[in-house]
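Chemist: Attaching a single structure in structure tokens format; questions to follow.
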Amino acid sequence: MKPAHAEQPLNAPMPARVLVVDDEPRLLTSLCSLLRSQEYSVTEAADGHGACQLIDSQTFDLAMLDLRMPGIDGFDVMRHIASRQPDCGVVVVSGESSFDAVSRALRRGALDYIRKPFDPDELLATVESVLEKRALLRAHEHIRGRLEKSEALHRYIVNSSPDIVFMLDGDGHFCFVNSKVECMLGYHPQELRGRHFRHIIDDRDVARGTYALNAPNISADNPRTLEVRLKTRGSRRANRYFEITAFPIDPETWPQAGADEHGKHREARYYGTARDVTERKEAEAFINFQAYHDLLTRLPNRALFKDRLELAITHARRENQKLAVMFLDLDRFKVINDTLGHAMGDRLLQAVTHRLERCLRKGDTLSRFGGDEFTLLLPSIHSHEDARMIAKKLIKALRNPFQLGDHEVFVGVSIGISIFPEAGENMDHLIQNADIAMYHVKARGKDGYRFYSASMSIDSANRLILERDLRLALEREELRVFYQPQVCAATNQVVGLEALVRWQHPVRGLLYPRDFLPLAEETRLITQVSEWVMNQAFQDVGHWIRSGQQDLRLAVNLSPIQVEHPKFVETLMKQLRASHFPPRNLEIEITENLIMNDLEQISQKLRELADFGIRIAIDDFGTGYSSLNYIHRLPIHTLKVDQSFVKAIRSGEEGACIVNAIIAMAHGLRLEIIAEGVETTEQLTYLKRLGCHQIQGFIHGAAQPAEAIENCLGHLPAKAAML
Ligand SMILES: Nc1nc2c(ncn2[C@@H]2O[C@@H]3COP(=O)(O)O[C@H]4[C@@H](O)[C@H](n5cnc6c(=O)[nH]c(N)nc65)O[C@@H]4COP(=O)(O)O[C@H]3[C@H]2O)c(=O)[nH]1
């Protein structure tokens with residue numbers, strides 16, 4: 001069968017087109033008719049020139065060339081064919097017998113050589129074989145072209161995929177990875193071939209990856225999808241998150257096998273894609289973070305705090321352990337925020353957070369509860385002492401000034417502490433009780449800490465009732481003023497009386513300040529309570545002064561809220577004038593912490609009061625800031641040594657030394673000194689020996705109603721008189 005034109009479909013064969021070139025007319029004619037007899041489409045050319053012209057205008061499958069021709073010879077025609085129709089095969093038919101010419105022709109691309117005179121059968125067999133070879137070659141080229149195109153298309157599709165595409169062998173080694181792996185993770189696909197997927201997967205996710213591949217029921221219809229972290233390389237950021245979808249390859253649909261560069265045979269068993277989901281994960285993480293954190297301080301918010309506390313309570317209950325909840329409220333934050341602006345307020349909160357965090361351990365949870373309130377969870381403490389230590393650390397951490405731009409500001413912190421399980425068995429109670437304890441700190445002049453105790457207990461229902469009752473008590477005049485004598489240590493004369501409030505509750509009986517003052521502070525009723533106490537005391541003590549006790553001093557306690565009020569001095573002076581109470585007989589007691597809350601403002605007010613002749617005493621001296629710096633800058637007359645130091649005298653502890661130091665210092669500064677809470681003769685003797693000016697305490701009598709105290713004015717209480 002004659003070979004078909006290679007580009008024609010097999011079912012419509014076309015005769016092969018043969019160009020015959022010979023300058024010998026007889027040979028040309030016989031060669032052409034021989035070929036035509038075999039139904040080739042034959043075109044003849046009598047010389048090289050004519051052949052070149054035909055080559056320029058027609059397409060041939062084969063050229064049968066005489067080599068030796070005048071003018072343009074066979075070699076020239078071959079060159080022309082090579083440049084114009086490289087697909088056209090050439091068979092040389094020549095009388096040339098030298099080996100040189102033949103080999104030259106073959107070197108130039110002739111496919112075969114037939115010597116003249118030719119044997120017709122041999123010639124036809126050569127022509128047929130050459131044409132067949134040409135056709136096969138063309139078909140091969142054609143298929144290779146299609147394969148190359150198809151391969152390029154698939155490579156393009158795989159490499160342009162937005163995802164990493166990979167194949168693994170049964171042990172998890174890469175058989176194939178597309179080039180995406182380079183721009184996404186920084187690995188060259190070639191270097192990953194033959195390496196285990198462990199090489200690029202985050203160590204924490206290797207086990208999950210292995211498990212997912214080996215899961216029993218995964219298939220192409222049921223691929224395994226999992227999120228893992230892949231390691232990046234080079235200058236890229238840390239690990240990125242990828243969603244991997246993988247399934248086993250069905251050997252029937254993919255019977256191919258690959259070999260790595262070491263020639264090791266690796267059969268692709270898994271196919272998969274890896275999609276970069278880092279942005280989505282980061283967005284999710286941010287949304288999650290936002291839901292559970294305060295964005296300003298980046299601390300856990302109320303919701304997360306409660307969550308952690310709930311867990312910690314469950315754990316502590318199971319392990320029979322304690323835990324502590326602290327409620328922290330910044331002192332003076334509002335003033336700073338109002339005067340320096342919210343931006344500064346925000347910076348302050350961040351700086352405060354930073355300092356607080358440095359006092360904590362890893363498992364502790366500090367949260368911003370709102371505004372300037374923070375809560376702290378200490379999940380496993382051994383005793384109250386652990387919590388006390390942390391509270392002291394926190395207070396100390398905030399004591400140094402904060403630099404906000406050009407401003408140096410001071411904030412303090414009031415901390416209420418509730419311990420599980422004593423102060424509450426559930427989350428709400430613990431937080432609420434820590435809050436109550438914090439209010440007690442505020443009521444005592446801020447910047448300190450207190451543990452919640454049952455005596456502070458005012459649950460929310462009772463709280464409302466108590467608040468209502470307290471308002472009523474003011475209207476119905478159920479409050480009482482009790483007086484505790486302050487006795488001169490040298491003469492045993494009563495030189496002063498401290499006014500202490502009591503509440504004659506119609507149902508609960510006589511209530512002490514600790515039972516209702518924190519609530520009064522919280523609800524701001526304290527101002528009315530204190531004003532009422534002062535009015536009553538001005539009347540009672542004013543009466544005794546006018547009746548002969550001209551030097552009798554009245555000591556009153558002032559709440560921070562009262563003193564911080566802008567019209568404090570004005571209101572107090574108005575009250576004094578209204579009740580005709582002599583200012584020089586009044587001594588106001590304030591705490592060190594109150595002064596430090598706003599040194600500028602408070603000292604200004606104290607100076608004004610001092611100018612009117614009012615005396616100023618520092619209550620609970622030694623328990624607060626004890627910043628001796630301010631004392632000589634303020635118009636202070638008296639230091640009241642705190643009860644805790646007096647108590648320490650009995651046991652001869654460190655506190656006793658503090659009493660020594662305070663009294664020595666008061667002498668140096670020419671201040672009067674009153675020791676509070678003196679109960680025993682031992683304490684009294686000790687204090688007298690140190691030169692303490694006045695004594696207040698049960699040894700000379702507790703606080704009593706006006707009627708009872710009136711009797712002992714100017715007289716010595718029996719017990720003390722014996723000394
Ligand atoms: N263990 C012991 N305690 C003694 C002894 N001598 C006196 N005390 C108690 O110690 C407290 C001294 O008052 P404070 O330090 O000014 O502390 C006062 C004061 O800060 C505040 N307070 C009382 N009355 C008023 C008031 O009218 N207005 C304001 N703002 N605060 C008040 O309540 C606090 C507690 O007052 P009280 O319960 O009356 O308790 C009083 C008094 O009864 C003693 O020898 N041993």
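The values are calculated or read from the model by the stated rules, or taken from the named source; none is laboratory data. Just so we're clear, the structure is a prediction, and the values are computed from it rather than from any experiment. As a convention, Cβ positions derive from the backbone with ideal geometry for all residues, glycine included, and neighbour counts pool all protein chains shown.
Chemist: Looking only at the stretch 574-600, count every residue that is more than 26 Å from residue 710 (Cα to Cα) and more than 16 Å from the ligand (Cβ to nearest atom) and tell me the total.
Modeler: Count: 5.
Chemist: Out of (1) in a helix (DSSP H, G or I); (2) farther than 30 Å from residue 347 by Cβ; (3) aliphatic (A, V, I, L, M), what's the single condition that is false for residue 419?
Modeler: Answer for residue 419: the failing condition is (1).
Chemist: Follow-up. What number of residues in the stretch 201-244 are more than 16 Å from residue 278 (Cα to Cα) and of a type outside the set (D, E, K, R)? Don't jump to the end; show me each part of the working.
Modeler: Taking the stretch 201-244 and keeping what is more than 16 Å from residue 278 (Cα to Cα), we get 203-204, 206-224, 234-235.
Filter once more, keeping what is of a type outside the set (D, E, K, R): 206-207, 209-220, 222-223, 234-235.
Total meeting the criteria: 18.
Chemist: Here's a follow-up. From the set of residues in the stretch 543-559 that are exposed (fewer than 12 other Cβ atoms within 10 Å of the Cβ) and of a type in the set (Gly, Ala, Ser), which is farthest from residue 533 (Cα to Cα)?
Modeler: Applying the filter and picking the extreme gives 548.
Chemist: Residue 664: farther than 12 Å from residue 487 by Cα and more than 9 Å from the ligand (Cβ to nearest atom), yes or no? Even if it seems obvious, please write down each step before you answer.
Modeler: Numbers: farther than 12 Å from residue 487 by Cα: yes; more than 9 Å from the ligand (Cβ to nearest atom): yes.
It is true that residue 664 is farther than 12 Å from residue 487 by Cα and more than 9 Å from the ligand (Cβ to nearest atom).
Chemist: Only one of these is away from the ligand (no atom under 14 Å from the Cβ), touching a residue at least 60 places away in the same chain (Cβ under 8 Å) and in the same structural domain as residue 603 (by TED's automatic domain parsing): 553, 546. Name it. Working first, answer last.
Modeler: Working: 546 fails: touching a residue at least 60 places away in the same chain (Cβ under 8 Å).
Selected residue: 553, the only one of 553, 546 that is away from the ligand (no atom under 14 Å from the Cβ), touching a residue at least 60 places away in the same chain (Cβ under 8 Å) and in the same structural domain as residue 603 (by TED's automatic domain parsing).
Chemist: With the checklist (1) in contact with a helix residue (DSSP H, G or I) (Cβ under 8 Å, 6 or more places away or on another chain); (2) at positive phi in hand, flag the one item residue 509 doesn't pass.
Modeler: All conditions are met except number (1).
Chemist: For residues that are assigned to a helix (DSSP H, G or I), within 23 Å of the chain's Cα centre (by Cα) and farther than 25 Å from residue 310 by Cβ, tally how many sit in the stretch 343-386.
Modeler: Qualifying residue count, the stretch 343-386: 12.
Chemist: Please count how many residues of the stretch 459-507 are within 13 Å of the ligand (Cβ to nearest atom), hydrophobic (A, V, I, L, M, F, W, C) and either in a strand (DSSP E or B) or modelled with pLDDT of 95 or more (or both).
Modeler: Total satisfying the criteria: 9.
Yes/no per residue for (1) crowded, with 18+ Cβ neighbours inside 10 Å; (2) of a type in the set (Asp, Glu):
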site: 24; (1), (2): no, yes
site: 36; (1), (2): no, no
site: 66; (1), (2): yes, yes
site: 81; (1), (2): yes, no
site: 87; (1), (2): no, yes
site: 99; (1), (2): no, no
site: 103; (1), (2): no, no
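Chemist: Moving on. Select from the stretch 393-411 the residues that are in contact with a strand residue (DSSP E or B) (Cβ under 7 Å, 6 or more places away or on another chain) and not in a strand (DSSP E or B) and list them in ascending order.
Modeler: Within the stretch 393-411, 394, 395, 398, 401, 411 meet the criteria.
Chemist: Pick from the stretch 325-335 the residues that are in a helix (DSSP H, G or I) and modelled with pLDDT under 85: which of them is nearest to residue 433 (Cα to Cα)? Don't jump to the end; show me each part of the working.
Modeler: Narrowing the stretch 325-335 to residues in a helix (DSSP H, G or I): 333-335.
From the residues that got through so far, the ones that are modelled with pLDDT under 85 too are 334-335.
Details: 334: 23, 335: 26 Å.
Across the stretch 325-335, the extreme among qualifying residues is 334.
Chemist: Only residues that are closer than 20 Å to residue 230 by Cβ, among the aliphatic types (A, V, I, L, M) and in contact (Cβ under 8 Å) with a residue 40 or more places away in the chain: list them for the stretch 139-167, please.
Modeler: The answer is 164, 165, 167.
Chemist: Just to be sure before I move on: is residue 610 part of a strand (DSSP E or B) and at pLDDT 90 or above in the structure I sent? Quick ask: steps written out before the conclusion?
Modeler: Working: part of a strand (DSSP E or B): no; at pLDDT 90 or above: yes.
No, not satisfied.
Chemist: Scan the stretch 18-41 and report the pairs whose first residue is touching a residue at least 12 places away in the same chain (Cβ under 8 Å) and assigned to a loop (DSSP other than H, G, I, E, B) and whose second residue is of a type in the set (Val, Ile, Thr) and surrounded by 15 or more Cβ atoms within 10 Å (Cβ to Cβ), with Cβ atoms within less than 6 Å and a gap of 6+ or a chain change.
Modeler: From the stretch 18-41, the pairs are 40/18.
Chemist: Can you tell me which residue within the stretch 512-533, out of those that are in contact with a Leu (Cβ under 8 Å, 6 or more places away or on another chain) and near the ligand (Cβ under 8 Å from one of its atoms), is farthest from residue 436 (Cα to Cα)?
Modeler: Let us first name the residues in the stretch 512-533 that are in contact with a Leu (Cβ under 8 Å, 6 or more places away or on another chain), namely 513, 516, 519-520, 523, 525-526, 528-530, 532-533.
In the following step, the residues that additionally are near the ligand (Cβ under 8 Å from one of its atoms) were identified as 513, 526, 529-530, 533.
Working: 513: 14, 526: 16, 529: 19, 530: 20, 533: 24 Å.
Among residues in the stretch 512-533 that are in contact with a Leu (Cβ under 8 Å, 6 or more places away or on another chain) and near the ligand (Cβ under 8 Å from one of its atoms), the one farthest from residue 436 (Cα to Cα) is 533.
Chemist: Follow-up question, since we're still on this one. Only one of 438, 389 is buried (at least 22 other Cβ atoms within 10 Å of the Cβ), away from the ligand (no atom under 16 Å from the Cβ), assigned to a helix (DSSP H, G or I) and of a type outside the set (Asp, Glu). Can you tell me which?
Modeler: Values: 389 fails: buried (at least 22 other Cβ atoms within 10 Å of the Cβ).
None of the others qualify; the one that does is 438.
Chemist: If only one of 639, 684 is in a strand (DSSP E or B), out of contact with any Lys or Arg (no Cβ under 9 Å at 6 or more places or on another chain) and either farther than 21 Å from residue 561 by Cβ or modelled with pLDDT under 80 (or both), which one is it? Quick ask: steps written out before the conclusion?
Modeler: Numbers: 684 fails: in a strand (DSSP E or B).
Matching residue, one of 639, 684: 639.
Chemist: Of the residues in the stretch 676-704, how many are surrounded by 20 or more Cβ atoms within 10 Å (Cβ to Cβ), under 57 Å from the mean Cα position of the chain (by Cα) and near the ligand (Cβ under 10 Å from one of its atoms)?
Modeler: Adding up the residues that qualify gives 7.
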